[in-house]
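Structure first, then comments.
The values are calculated or read from the model by the stated rules, or taken from the named source; none is laboratory data. Just so we're clear, the structure is a prediction, and the values are computed from it rather than from any experiment. Quick reminder, even Gly has a Cβ in these numbers, built from the backbone with ideal geometry, and neighbours come from all protein chains shown. Heavy atoms of the whole protein, side chains included, go into the accessibility calculation; ligands, DNA and RNA do not. Shrake-Rupley method; radii C 1.70, N 1.55, O 1.52, S 1.80 Å.
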Amino acid sequence: MVASFEFVVTRKNHELIPPVSETPNGHYYLSNLDQNIAIIVKTLYYYKSESRTNQESYNVIKKSLSEVLVHYYPVAGRLTISPEGKIAVNCTGEGVVVVEAEANCGIETIEEAISENRMETLEKLVYDVPGARNILEIPPVVVQVTNFKCGGFVLGLGMSHNMFDGVAAAEFLNSWCEMAKGLPLSVPPFLDRTILRPRNPPKIEFPHNEFDEIEDISDTGKLYAEEKIVYKSFLFEPEKLEKLKTMAIEENNNSKVSTFQALTGFLWKSRCEALRYKPDQRVKLLFAADGRSRFIPRLPQGYCGNGIVLTGLVTSSGDLVGNPLAHSVGLVKRLVELVTDGFMRSAMDYIEVNRTRPSMNATLLITSWSKLTLHKLDFGWGEPIFSGPVGLPGREVILFLPSGNDMKSINVFLGLPISAMEVFEELMKKI
């Protein structure tokens, strides 16, 4: 990208797209798992259609959105606080915010900025509600369609994590695409989240380290404040993933480990080293475990809410960095094995009693999209030429993204202060 060029996006039309027909109103219950992650997840999708104009595509996006909102009517409402003091949805039916915008160049001009995840460029492609002070002032879904001079357009989405986890978001977007193509919904949404109400009385039956408060004795906050944060992706092909698993297995008496466990253990250990934590710095690992198949009974197909449970483990940085890879992988494996129906219900009851969210000091949160097909969204003019996240919901997050047509490779996406990223890159070369 030419240094003197300034990428400008001009937002033109702001519309509210309500459901095409009347939908229920009133308060809609969000479970304790929906309370946990009050953030907006941003993604973008670049399309170029040979068969229709951008204006025709824009009209299809709006029309099919109004149709899919009949099935997903809470998305057309607004987040609020319930009489119990929790986040809920006021089903007003007012609709999703859709913004049309114009870029001052072709997509090729900003290709480098996109591939390097430059936030100052990417953030212009997703609509931010002006003056919003908190999650309650942002609609559950916001849409921006940015037309480029090359004839393509970017669909930029902001989606509330209170409304959807990754699986539910992918099902909503797939349903929207099916509406656009005139197809019936392959997975109709299951909207009743009261099936995940806490127990009465609550029963906290497990330790819940995910909520531990940790003191930043390494003063890492200062590093983040003083240095630029850079975002990078690291590709782990099947051969690299197999090598990590083999290393962990050989060091641990041939105890079986999964790809997720091996990669997570490696990244946690490497990130601690890159951030130069003091050896006695307590560090926490959180990951989002999909509870859909683990709940008894399992959650219904199409469950439209958060079926993930944040699971946590605390140790010292010295314990991770000073031991072989098998040690950190073994910790992750034991944590994964904890996630049972009893543990998840205990976590929901813990939130009910303590009304708290996990603390994020000295924490790494792993979230995996590696099984999601967000990169295949087809509204009728083909799959996106490229797609991906816009930034990360927090500096503590590492995101696993699918890669390759067979989805067997994993793209690891994270942000670190520039000096820490240099160390992290060197550690990645050792695999």
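Each label was represented as a point 7 Å from its Cα along the Cα-to-Cβ direction; for GLU422 and LYS256 these points are 4.4 nm apart.
In this rough spin-label picture, where each label sits 7 Å from Cα along the Cβ direction, the PHE5-ASN354 distance is 5.0 nm.
Classified by the C-alpha gyration tensor, the stretch 140-226 has an oblate form. Its axis ratio a/c, with a ≥ b ≥ c, is 1.5 or above, and a/b does not exceed b/c. Under 5 Å between amide hydrogens, built in the peptide plane, is the criterion, and for PHE236 it picks out ILE410, ASN411, VAL412 among residues at least 5 positions away or on other chains. In the structure displayed, which of LYS12/LYS63; LYS228/LYS408; LYS222/LYS333 lie more than 24 Å apart, Cα to Cα? Over 24 Å Cα-Cα: LYS228/LYS408; LYS222/LYS333. For the stretch 106-116, the Karplus equation 6.51 cos²θ - 1.76 cosθ + 1.60, evaluated at θ = phi - 60°, returns couplings of x, 4, 4, 5, 10, 4, 5, 4, 5, 5, 9 Hz by residue, with Gly and Pro reported as x. A simple rule links phi to the HN-Hα coupling: the Karplus curve 6.51 cos²θ - 1.76 cosθ + 1.60 with θ = phi - 60°, which for the stretch 379-393 gives 8, x, 10, x, 6, x, 5, 8, 7, x, x, 9, x, 10, x Hz, with x for Gly and Pro. Ordering VAL332, PHE295, THR246 by Cα displacement along the dipole of the stretch 205-349 toward the positive end leaves THR246 in first place; charges were set at the Cβ atoms of Lys, Arg (+1) and Asp, Glu (-1).
Once you sort the root eigenvalues of the Cα gyration tensor of the stretch 164-315 as a ≥ b ≥ c, which label holds: rounded (a/c under 1.5), prolate (a/b larger than b/c) or oblate (the other case)? Because a/c hits 1.5 or more and a/b exceeds b/c, the stretch 164-315 counts as prolate. Take 82-94, 284-296 and order them by the average number of nearby Cβ atoms within 10 Å per residue, most first; the result is 284-296, 82-94. Would any residue of the stretch 32-50 have its amide N under 18 Å from a label point 7 Å out along Cα→Cβ of PHE386? List them or say none. Residues 42-49 fall inside that zone. Take the Cβ atoms of THR80 and ASN59, set R0 to 41 Å, and the FRET efficiency comes out at 0.85. Of the peptides 146-157, 304-315, the ranking by mean beta-carbon count within 10 Å, highest at the top, reads 304-315, 146-157.
Scalar couplings 3J(HN,Hα) for the stretch 165-174, obtained by applying the Karplus form with A = 6.51, B = -1.76, C = 1.60 to θ = phi - 60°, are 8, x, 5, 5, 4, 4, 5, 4, 5, 5 Hz; x denotes Gly and Pro. Remark on ILE398: its backbone amide H falls under 5 Å from those of LEU365, ILE366, THR367, a criterion applied only to residues 5 or more positions apart or on other chains, H modelled at 1.01 Å from N.
Expressed in units of 2.2 N^0.38 Å, where N is the residue count, the Cα radius of gyration of the chain is 0.99. When a/c reaches 1.5 or more, the comparison of a/b and b/c decides; with that in mind, is the stretch 281-385 rounded, prolate or oblate per its Cα gyration tensor? It comes out oblate by the Cα gyration axes. Relative contact order (percent) for the chain, with alpha-carbon contacts under 8 angstrom and 6 or more residues of separation? With pairs under 8 Å counted, the relative contact order is 22 percent. Accessible surface for the chain, divided over its residues, is 43 Å² per residue with a 1.4 Å probe.
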